[in-house]
Structures are given as structure tokens and as C-alpha cells.
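Enquirer: For reference, the structure I am asking about is given below.
The values are calculated or read from the model by the stated rules, or taken from the named source; none is laboratory data. Bear in mind that the values here come from a model prediction, so they are computed numbers and not experimental data. As a convention, Cβ positions derive from the backbone with ideal geometry for all residues, glycine included, and neighbour counts pool all protein chains shown. Keep in mind that these areas ignore ligands, DNA and RNA; they rest on the heavy atoms of the full protein, side chains included. Shrake-Rupley method; radii C 1.70, N 1.55, O 1.52, S 1.80 Å.
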Amino acid sequence: MSINNMEKPLIQVQNLGKKFGEMEVLKDISVDIYKGDVVCVIGPSGSGKSTFLRCLNRLEEPSGGHILFEGTDIVDKKTNIDKHRQKMGMVFQQFNLFPHMTILKNLTLGPVKLQGKSEKEAREQALKLLQKVGLADRADSYPNQLSGGQKQRIAIVRALCMNPDVMLFDEPTSALDPEMVGEVLTVMRELADEKMTMVVVTHEMGFAREVATRVMFMDGGYFLEENEPGEFFANPKNDRLKLFLSKVL
Amino acid sequence: MWEKLRDDFYQNFIVDDRWKYITDGLQNTLKITFFAVLIGILLGFLVAVIRSTYENTHKLKVLNWICGVYLTVIRGTPVVVQLMIMYFVIFSFHDPGQVFTAVVAFGINSGAYVAEIFRSGISSIEKGQFEAGRSLGFNYAQTMWFIIMPQAFKNVVPTLANEFIVLLKETSVAGYIGLQDLTKGGDIIKSRTYSAFMPLLAVAVIYLVMVMLFSQLVKVLERRLQRSEH
Amino acid sequence: MKKNKIAIAVALCMAAVLTACGTPAKTETTKAAEAETTKAGTETTKAEAEAEAEAESSAAGGKLVMVTNAEFPPYEYHENNDIVGIDADIAKAIADKMGMELEIQDMAFDSLIPAVQSGKADFTAAGMTVNEDRKKNVDFTDTYAQAAQVIIVKEGSEIKTPADLDGKKIGVQTGTTGDIYAGDIKDAEINRYNKGMEAVMALTQGKIDAVVIDREPAKVFVKENAGLKILDEAFTEEEYAIAVKKGNTELLDKMNAAIKELKDSGELQKIVDKYITAE
């Protein structure tokens, strides 16, 4: 987090709103995310935190406001969102690996088809990243042959293969059996150590406390409180946050 | 009894080279089925993509409407009526040949059913697959092509094969436009020899064998496709 | 590979089973039908011996089932939900003479003889020409009408005589005399339609060059479709008769007697005149 980067946010969310029909899920949200930030978003279910995350790469179409990503307003219909998504890796709760392809193919499809890399180049990069998450031996397996934890680690690698500038995590450990949560969090922790910019929607308070640079509490479509993790968990100010923390901790 | 059978066989297939009615008819049946299947797949694929695109994005409204009319009309009328309309009405002033007419009629008919099969195949793929593709930066068409279609196709192979078996058997009404297909070949022999047993049995056995061979082929294909998931 | 072999074996087995089942069943049906006929015959003889003509009609007063292909005006066609025409009227007259009730069923022309053979129908009157092939399978009554196969062409067609049909596309109705004889035309492509009308329609649309069909229906078709004509020279001349199940001389004799009566009384001519106005 150099001073330089602090001045120019990677993602600027301005007055973001999202409605599903009559229901207003996000209400006038503004937040800046800087390079190297690890932002953990917590909050009760239905608070709008997943919707917020999915708006960041426009998997959900915002109803109003602006999102400037590296200076470009991606809410603008004229923006080629596909180009920008390549720079925003996304990891889903349900992994969403492509079941009809080998792991290697899952990892190289994007770089080869979208970034014009050669098969060889893409494979070398994929294998290097697989090595890092300890799954190099599964390159030729199919997703259904893997455990949930392995699948999620692969899903993270798939996003990383595109060399993104930010990684979005949508409750990455919620669908996992408890004994597999650790291996995924370890990979995420390593990413954070490498100064990857991350936005993580999660229920893992331990992870938020240890890894996050900023923790944000969302409820009812608003960010109600934001702080660095130590203060956030030790001295919550908002009443609803206090109530929430008393339930989950 | 065997003598009677042998005599029947001789009368129905050997005299005047009557077996040729069957083989000529079989050729036409195969020709019609093969090309109708091709048209059916192309047309069905196109319609399914248009319909799914409309469902997902609400784009292509007009095309989707046209496809809806096409599906309603084709699936709401008997194929034999469509065939005769094609021959006696649509091609009433120009004759592209009966086999061609039949190929077009059966192809268009099959396309409607294939479209619905493909569409159900596409909608059976989890939304997450689509989102995963889009989140990597693939556009709508690329996501469909690289991620959704291969999975959808695998899911619908059995239903699709069944549709083609139905189509093969449905071509037996091609005789309505004066075309000599397998069934008509049997009919002609029957009209010459006045024995229904032998020609109809021969025709039935040939259809049956074709269907069984095809089913076998599909099983092999299915097994090969399944292998990639285990 | 192994599976394929099994598939073929199964197919062969099924074929064998079908063949095996089919044949005895057929034989049985034949036997049963014969037995019935014999029984009916005995009963009738008994009735004849015991009673006058009137009594006989009530004794025999069953149903006589006729099959025809009612797409063949003026011999048989549908009108106001009834099947009418020369054949239908003659059959009705014959049934009346035999004191039986007539039921007419409509089916494809090429199914008529199998229907009679299998005993599903007692006889067929369908503008059917007597020929050797058919004689092998059914017994014909005395002929009751003169007929001809004629050639319909578009006006201005280069086909002027039957000899011009060589190498042409010819439409016929499957299984009719025209179909059978057209097969002898050199290099001709025969298109077989289920109905005479469809062949004529294909002709008006230029899909075929000529239609070979019986004269009387041909006249009707030409009258209804402008731009068509019948060639002066007929393709063949022939005679129509009623067909009954082979060996059913009982029925055949009765029908022949009735036909003779109808001819002698002039009733038959009256029926023909009713449908065919003199040229």
C-alpha cells in the first residue's frame, strides 16, 4: 500500500443502487477500493453483500450509480464489459468449474481464447500456479474427480490464470465441508501476502480478522460500518453490527 | 408350411426382381432421413440459440417470435399434412424432386423438435456455468459455444437419438407424395402379389434393424461422452 | 463389437419368431374361415331346402361386407357421408337380391385383395380389372362393366399416343391396373400416389408428364381440372368384375346369378346410366 496507490483507487463505487423489481437490495453505496486492499464484507444473509460483489463485475446489472474500474465507468452500457472482466477474477461459492473439460483445459481456456496466448505458454503458467496450490498432479483430472476444497483451489487458479488486477470472492468457503475450509483459506492468505487486491464476501470471521486490511459490515443494503479489523471486531460501534457479532463470534 | 413360405418369398421378392422395390425404397428412406437429420440439427440449433438468448437477455425479440410461431405450427400439425402441403402447395409451381421435397419437409419438421430438445438441454445447465464463463471475460456467444453447448449437447444425446429414430420411422409416410420409400416399396409389392405378410414383414425387419444399429451407435457415442466426466 | 453381434442376433431371432408365429396363425385363420364358410354353406343349403325365397332371405339375412377404395368416381366415391357410385349401387342391388344387408368399408386400393383374402371382407367391388395375377389370389365374378385405362395429359402436351409415354414421368394410383401396366413402359419413371386425385394434381402442377388411370374417373378429373385432356387412344381396354375370397364358390355363384338377373332386367344399365351420361 504505497502512498501513490492510495491516491488513485482501483475501484471507485459511486452511489451504487440495485433493485430486483420493487425490492431495493443496494441503496446508494459509495466505496473506494485501493490496490493491495483486502476488503472483507460481512453481514447477515440477505443484507445485499453478494449482490454488491456481483455488481462489481456486472454479473448483476446495477440499477443506478457508477463503478469506475481503473478509471473506466463499467456501468456505462457502451463499455466493453468483457474486456474489463478479464482483469477481475471471480470465485464462486459453487466453484462453477467446467465439468466437460480437464483441469488444465479449465485453466487455459481463457488465456488461450481471450488473451491470445499459445497453448504451451498457457499450460506452463497453469502448471506453475497448480504447483503453488499443491494440485499439479491433478492437471489431467476432471472436476468431478476432485473434492470440494480441491475444486475451489482450482477455481481460484482459473481466475489467476487471467492475471487479474483484482479478485472477487463470493462466499468461497460456504459450500465446503468444514475440514476443507482451511486449505482454501490458506491459498487466499497467500494471495493476500502477495499483495493481490481482493474483495471477499465471507462468513469466516477469523479470516477477516487475520487477513483483511479493511472489514465492512453490510445490512439492509447499506454499509453500516467500516474499520481496520482489529478495531472492527474489538470495538464495534453500530448496534446492528454488535448484535451480528454477538451471534457469530 | 416351409414350401408355402418359400413360394411366398419367391413370389414377393424374386419374381420380376421385386426385391428392387425394397432396396430402391430403402435408399430413398436413408437419403431422406440423413439429410432431414442434418437440416433438423442446423435448424434446431439455430432456433434453440435464438430462444435461449431471448430467455436470458430479452434480445432478438422478433426472431424469437418467428421461432415461436414455427414451433407452434410444426408441432401442432401432423407431419404427413406438412409433407403434402410442401409438395402440393409450397412447391406447386416448381418441382424440385420428391426426395428433395421430402428432405425439406421432414427437416423442417424435425428442426422444431430438435430445437426444443436443445433448448431444454441448454436450460438444464446451471446458471453458474454461464456466469463463470462471463466472469472470465467470454462474451455471450463464446460462453454459449465453449461452455454451455458442449455440456448441453452431452445431456441431450439420448433424447436427440430418440428423435432421429422417430424421424426415420416417420419418413414412412413419404409415399403420400408419390415417392417410393421403404414402406411404399413394400406396398407396391403387396399390390402386385396381394400378400401382405412377406412385404410388410420385410419392411418391418429392415426398419427394426436400422433402429437397433442406430441405437447401438448412440450407446457407443454416449459412453465416449460420459467418459470425460468420471 | 460384441454388442453389435448381440443386436444382430436379436434382430434375427425376432425375425424368426415373427415368421414362425405368423405362418401358423395365417394357416389357422384360413382354416377357420374355410370351416365357417362350409358351415354357413350347409346352413344355407338346409334353409334352401326348407323354405321359399323369402324365408331364405331371413335365414341368410346376415351382413355382406364389401371393401372398396372410395376415391374412384364415378364407380365409388364419398357423397354426403355415404359411399356411392356404380359399384356401390350394383353391390346394393346384388345384396338386395341375396336378401342380405350391405356394409361398405373404405380402404386403400392395394389393401382390397388382402382384405378379401383374409376374410375381413366378403368381396370387393372397386372398378377392379380382371387380370391373371389377381386371379391367382381371388375369384372373380362375371364382368359387369367395360372399362379402359386412359392417359391424361396437359393440353398441348407432346404426348399424343400411348407410344409417346416412353421415358416420361408417369403418375398412377398405387396398385391399380394403370400402375401395373405402366411398369411396362420403356424408361418411364413411375410415381405412385395413394389417390388418383393426387396424381392428377401432380400433373396439373407439372411434376409429372401424364397420368394413366381408368376412363370414367379420368373424365371426372378432366372435367374438374381445366387444362387437362384425355388422349383419344386408350392405354388398355379391360373389364371390371367383383372379387371374392378364393374358393368361396357359394358366394360367387350367388353373385353371378344376381348379376345375371340385373343384366337381364336392364337394372344394371340403369345404374350405369345414372352415373355416366352418354357422350
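Enquirer: Contour minus end-to-end for B:LEU221 and B:PHE153, with contour as 0.36 nm per residue of separation and end-to-end as the Cα-Cα distance?
Expert: Roughly 23.3 nm would be gained on extension.
Enquirer: While we're on this one: Measuring from label point to label point, each 7 Å out along Cα→Cβ, what is the B:TYR70 to B:TYR10 span in nm?
Expert: Placing both labels 7 Å along Cα→Cβ, they lie 5.5 nm apart.
Enquirer: Need the per-residue list for the range A:95-126: every residue with at least 20 Å² less accessible surface in the complex of protein chains than in the chain by itself, probe 1.4 Å, sorted by number.
Expert: Buried by the other chains: A:ASN96, A:PHE98, A:PRO99, A:HIS100, A:LEU109, A:LYS113, A:LEU114.
Enquirer: Looking at the protein assembly as shown only, what percent of DSSP beta bridges run antiparallel? Nearest 5 please.
Expert: Within the protein assembly as shown, antiparallel bridges account for around 55 percent of the total.
Enquirer: Counting only pairs 8 or more places apart or on different chains, how many lysine pairs in the range B:72-230 have C-alpha atoms closer than 30 Å?
Expert: Within the range B:72-230, the lysine pair count is 7.
Enquirer: At a Förster distance of 45 Å, what's the computed FRET efficiency of B:LYS31 paired with C:ASP106, Cβ-Cβ distance as r, to 0.05?
Expert: Calculated transfer efficiency: 0.85.
Enquirer: Quick check: residue separation of C:GLN205 and C:GLU250 times 0.36 nm, minus the Cα distance between them. What number comes out in nm?
Expert: 11.4 nm
Enquirer: Need one number: nm distance between label points at A:ARG189 and B:VAL81, each 7 Å from Cα along Cα→Cβ, rounded to one decimal.
Expert: With each label point 7 Å from Cα toward Cβ, the separation is 7.1 nm.
Enquirer: For the pair A and B, how large is the buried accessible area, both sides, in square angstrom to the nearest 100, if the probe is 1.4 Å?
Expert: Using a 1.4 Å probe on protein heavy atoms, the buried area is about 2000 Å².
Enquirer: Right, next: So what's the gap between the Cα centers of the range B:157-176 and the range B:19-37, to the nearest angstrom?
Expert: 13 Å
Enquirer: Next question, about the same structure. Using the structure shown, list the pairs from A:LYS105/A:LYS132; A:LYS19/A:LYS77; B:LYS4/C:LYS120; C:LYS229/C:LYS260; C:LYS245/C:LYS270 with a Cα-Cα distance above 24 Å, or answer none.
Expert: Table pairs above 24 Å Cα-Cα are C:LYS229/C:LYS260; C:LYS245/C:LYS270.
Enquirer: Would you calculate a helix-derived [θ] at 222 nm for chain A, using -39,500 (n - 2.57) for each DSSP H run of n ≥ 4 and dividing by the full residue count, to the nearest 500?
Expert: Helix-only estimate at 222 nm: -11500 deg cm²/dmol.
Enquirer: Compute from the Cα atoms of the range A:1-160 the Rg and the Dmax, the latter being the longest Cα-Cα distance, and quote both in angstrom.
Expert: In Å, with Rg to one decimal and Dmax whole: 17.7, 50.
Enquirer: Is it possible to state the helix-based mean residue ellipticity at 222 nm for chain B, with each DSSP H run of 4+ residues giving -39500 (n - 2.57), the sum divided by total residues, to the nearest 500 deg cm²/dmol? What is it?
Expert: One gets -25000 deg cm²/dmol as the mean residue ellipticity at 222 nm.
Enquirer: Mean separation of Cα pairs under 8 Å and 6+ residues apart, divided by the residue count of chain B: what relative contact order is that in percent?
Expert: Relative contact order comes out at 30 percent.
Enquirer: Under the rule a/c < 1.5 gives rounded, and otherwise a/b versus b/c splits prolate from oblate, where does chain B land using the Cα gyration tensor?
Expert: Since a/c reaches 1.5 but b/c is at least a/b, the shape of chain B is classed as oblate.
Enquirer: Within the range A:125-200, what whole-number % of the accessible surface is contributed by carbon and sulfur, with the 1.4 Å probe and all protein chains included in the calculation?
Expert: 45 percent
Enquirer: What's the buried accessible area, both sides, between C and B using a 1.4 Å probe, rounded to 100 Å²?
Expert: Chains C and B together bury approximately 3100 Å².
Enquirer: Give the calculated FRET efficiency between C:ASP273 and C:LYS135 to the nearest 0.05, with a Förster radius of 22 Å applied to their Cβ-Cβ distance.
Expert: 0.15
Enquirer: Which whole-number percentage describes the relative contact order of the range B:1-130, with Cα contacts under 8 Å and a sequence gap of 6 or more?
Expert: Averaging sequence separation for qualifying contacts and normalising by length gives 39 percent for the range B:1-130.
Enquirer: State in Å² the accessible area per residue of the protein assembly as shown; use a 1.4 Å probe, count heavy atoms of protein chains only, and round to the nearest integer.
Expert: Result: 46 Å² per residue.
Enquirer: Please report the carbon-and-sulfur percent of the accessible area for the range C:128-233; probe 1.4 Å, protein heavy atoms only, DNA, RNA and ligands left out.
Expert: 44 percent
Enquirer: What FRET efficiency comes out for the pair B:SER92/A:ASP137, r = Cβ-Cβ distance, R0 = 51 Å, nearest 0.05?
Expert: 0.15
Enquirer: Tell me the net charge near B:VAL79. Cut-off is 12 Å between Cβ atoms, B:VAL79 excluded, with +1 for each Lys or Arg and -1 for each Asp or Glu.
Expert: Local charge sum for B:VAL79: +1.
Enquirer: Need the full-extension length gain, A:ASP32 to A:LEU127, defined as separation in residues times 0.36 nm minus the C-alpha distance. One decimal, nm.
Expert: In short, 30.8 nm is gained.
Enquirer: Residues in the range A:17-41, backbone N under 18 Å from the label point at A:MET205 (7 Å along the Cα-to-beta-carbon vector): list them, ranges by number please.
Expert: It comes to A:40-41, nothing else.
Enquirer: Further, regarding this structure: For the range B:77-111, list residues with backbone N below 14 Å from a point placed 7 Å from the Cα of B:LEU63 toward its Cβ?
Expert: none
Enquirer: Just the accessible area for A:THR102, please: 1.4 Å probe, Å², rounded to the nearest 10?
Expert: Counting only protein heavy atoms, the figure is 30 Å².
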